[in-house]
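Inspection log for the structure reproduced underneath, given as structure tokens.
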Amino acid sequence: MSLHFPKDFLWGGAVAANQLEGAYQEDGKGWSTQDVMPNGIKTSPTEVPIESNMKLIGIDFYHRYKEDIKLFAEMGFKVFRTSIAWSRIFPKGDELEPNEKGLQFYDDLFDECHKYGIEPLVTISHYETPLHLARAYDGWVNRKLVGFYEHYTRAIFSRYKDKVKYWLTFNEINSILEFPFMSGGINTPKEKLSKQDLYQAIHHEFLASALAVKIGHEINPEFKIGCMVLSMPVYPLTPHPDDVIKSMESDHKNMFFADVHVRGYYPNYMKRYFKENGINIKFEPDDEEILRNTVDFISFSYYMSTCETADPAKQIRGEGNLLGGVPNPYLESSDWGWQIDPQGLRIVLNAFYDRYQKPLFIVENGLGAVDQLVTNEEGEKTVEDDYRINYIKEHLIQAAEAIEDGVKLMGYTTWGCIDLVSASTAELKKRYGFIYVDRHDNGSGSLERYRKKSFYWYKDVIASNGNSLFE
Ligand code: BG6
């Protein structure tokens with residue numbers, strides 16, 4: 001048996017506008033929900049942006065993208081996943097006319113990618129709803145957001161129809177379950193938000209996503225439009241059937257999002273959940289038909305697995321990528337308590353593929369760690385990040401195993417291919433990149449970029465189309 005990656009495999013890296021661009025009110029950009037989240041998900045949003053928010057400057061990608069894309073090209077990237085900041089295009093979100101300077105920025109960015117043969121993969125909404133839509137409309141709870149999103153997608157699809165082929169509609173759409181403000185621009189505090197309003201908001205996002213698929217294919221039939229879900233396999237903590245049922249129910253809550261996107265209708269297990277929780281989703285006459293515009297592929301983030309148990313005494317929540325769960329006694333954790341489970345990636349790839357037989361794309365995976373900048377024997381500043389190399393290598397080997405299992409995998413983009421501000425903690429010391437950025441949580445730093453050891457390692461992985469992983 002020889003593990004391998006397909007010859008047209010899309011190798012690359014991923015980022016999101018709000019976590020690296022900075023320039024939070026330059027060239028007509030409006031404020032987004034991220035601009036008032038100085039502590040990530042740890043505290044409530046502030047009224048207006050405050051200086052300690054690391055995202056306001058980010059890593060200044062807005063002004064330095066040419067240098068950064070060049071470094072990505074040096075690693076041999078075939079694809080670069082980024083997002084468009086909605087509030088650069090429609091500063092408040094409900095305007096009729098787009099902001100030309102915002103549009104121009106992404107024109108220039110995509111041109112720069114193409115200069116090196118790098119294909120952009122664009123998330124339309126990545127945790128950065130225009131703040132006005134959150135404050136004046138309560139975000140996705142309000143059906144008007146469907147229309148604003150449709151207007152926005154038409155603007156960007158038409159503008160970039162010859163520059164962008166791969167699109168994702170909402171980043172980690174299922175994270176709205178836990179973080180309604182960050183994920184769904186819902187201003188009502190989570191503890192006051194009813195399940196009815198939460199699931200109605202989710203319905204609106206499904207409609208918007210399906211409309212994007214429809215409109216996108218009308219504008220350019222070559223577009224490949226995917227959903228993006230936060231994947232986290234849920235293992236039963238013990239083989240007790242109660243624990244297995246608990247993990248199945250927990251899994252359903254997330255699979256629901258991919259199910260609607262791929263099948264085009266609500267699964268029966270959710271109908272039961274709605275009935276038992278007094279939720280009555282308001283469908284308008286065309287909604288069922290709109291939802292039938294299903295995605296071309298499924299993309300997902302994968303960082304960790306988790307466990308569930310029916311035993312209340314053992315229901316301790318561990319740290320984790322937004323959704324969290326009961327820690328697995330067999331796994332080690334990252335510096336931030338996220339449990340490391342490369343085999344979980346093979347499990348999740350098989351689960352998606354068995355369920356849908358649609359192409360899959362791993363659009364986030366990586367290790368957030370504290371890095372130490374050192375000077376090596378050649379006198380270069382670098383980071384000896386063997387821990388990151390090991391993490392990514394182990395995960396890629398499991399991806400190759402899944403390919404051998406028969407899964408159709410389009411590509412792999414590591415999260416935070418260049419250091420950027422963390423979504424959950426708003427820290428810069430939680431670094432993911434192959435490229436070190438000299439900026440620190442107290443605001444100091446030159447913003448200089450340095451190649452880490454993993455930079456050269458990933459370059460070899462791409463150059464050998466993954467074969468170097470198996471040497
Ligand atoms: C995902 C998000 O949750 O994980 C990213 O899509 C995020 O925006 C990434 O940055 C890593 O999480 P964190 O909290 O370490 O930045």
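The values are calculated or read from the model by the stated rules, or taken from the named source; none is laboratory data. Bear in mind the structure is a predicted one, so any value in this text is a computation, not a measurement. Positions of Cβ are generated from backbone atoms using ideal geometry, with glycine treated the same way; all protein chains shown enter the neighbour counts. SASA here: full protein model, heavy atoms, side chains in, ligands and nucleic acids out. Shrake-Rupley method; radii C 1.70, N 1.55, O 1.52, S 1.80 Å.
Quick look at the numbers
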{"item": "Subset tally (residues that are assigned to a helix (DSSP H, G or I) and among the acidic types (Asp, Glu)) for the stretch 199-225", "result": "2"}
{"item": "Test: residue in the stretch 323-342 that is touching a Leu at 6+ places or on another chain (Cβ under 7 Å) and assigned to a helix (DSSP H, G or I)", "result": "no"}
{"item": "Test: residue in the stretch 174-187 that is more than 16 Å from the ligand (Cβ to nearest atom) and out of contact with any His (no Cβ under 9 Å at 6 or more places or on another chain)", "result": "yes"}
{"item": "Residue tally, condition over 24 Å from the mean Cα position of the chain (by Cα) and surrounded by 23 or more Cβ atoms within 10 Å (Cβ to Cβ), over the stretch 379-393", "result": "1"}
{"item": "Meets criteria (open to solvent by less than 20 Å² (accessible area, probe 1.4 Å), modelled with pLDDT under 95 and closer than 30 Å to Ser194 by Cα) for Gly325", "result": "yes"}
{"item": "Given (1) surrounded by fewer than 23 Cβ atoms within 10 Å (Cβ to Cβ); (2) among the aliphatic types (A, V, I, L, M); (3) within 16 Å of the ligand (Cβ to nearest atom), number of the condition Leu367 does not satisfy", "result": "(1)"}
{"item": "Selection count where residues are among the β-branched types (Val, Ile, Thr) and assigned to a strand (DSSP E or B), scope the stretch 355-373", "result": "2"}
{"item": "Glu427 open to solvent by 10 Å² or more (accessible area, probe 1.4 Å) and either near the ligand (Cβ under 9 Å from one of its atoms) or under 15 Å from the mean Cα position of the chain (by Cα) (or both)", "result": "yes"}
{"item": "Residue satisfying condition, being at pLDDT 95 or above and buried (at least 19 other Cβ atoms within 10 Å of the Cβ), within set Tyr302, Tyr269", "result": "Tyr302"}
{"item": "Count of the stretch 298-314 residues which are outside any loop (DSSP other than H, G, I, E, B) and over 15 Å from the mean Cα position of the chain (by Cα)", "result": "6"}
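Conditions tested, residue by residue: (1) under 15 Å from Leu20 (Cα atoms); (2) open to solvent by less than 10 Å² (accessible area, probe 1.4 Å); (3) part of a helix (DSSP H, G or I).
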{"site": "Arg439", "(1), (2), (3)": "yes, no, no"}
{"site": "Trp457", "(1), (2), (3)": "no, no, yes"}
{"site": "Asp460", "(1), (2), (3)": "no, no, yes"}
{"site": "Leu469", "(1), (2), (3)": "no, yes, yes"}
